[in-house]
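Trainee: The structure's right below; bear with me while I get my questions together.
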């Protein structure tokens, strides 16, 4: 199992589209690149063959953009030896709470 996706974490994810129309979706994991503001707030994930797909919101200070990516895309990113990391002790949290924290409220 990947450092980014542990077995336990893989069991938490909702299937795709289960939170699509939820007003306040739950974020189950946060991935980030340590040398930038790149951050992914993961709300859904689904295994397809050998690929694990995610749905996330970037929730940056400049914009909020929902999108999809694969685990392999994150794992392959390596810039001068720096790789994507996961917030280790993250507790699933509604995205509204994370937005409040990001705004300093």
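Trainee: Residue 81: on the phi > 0 side of the Ramachandran plot and at pLDDT below 80, yes or no? Please lay out each step first, then the result.
Mentor: Values: on the phi > 0 side of the Ramachandran plot: yes; at pLDDT below 80: no.
No: the conditions fail for residue 81.
Trainee: When the residues of region 84-105 are filtered to those that are farther than 14 Å from residue 32 by Cβ and surrounded by 14 or more Cβ atoms within 10 Å (Cβ to Cβ), which remaining residue is modelled with the lowest pLDDT?
Mentor: 99
Trainee: Consider residue 59 against the criteria (1) at positive phi; (2) over 12 Å from the mean Cα position of the chain (by Cα); (3) modelled with pLDDT under 75: it satisfies all of them except one. Which criterion is unmet?
Mentor: (2)
A quick yes/no check of all residues on (1) more than 15 Å from the chain's Cα centre (by Cα); (2) modelled with pLDDT of 85 or more; (3) part of a strand (DSSP E or B):
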position	(1), (2), (3)
2	no, no, no
11	no, no, no
45	no, no, yes
64	no, no, no
73	no, yes, no
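The values are calculated or read from the model by the stated rules, or taken from the named source; none is laboratory data. Everything numeric here is computed off the predicted structure, so don't read it as measured data. No Cβ is skipped: glycine too gets one built from the backbone with ideal geometry, and neighbour counts run over all protein chains shown.
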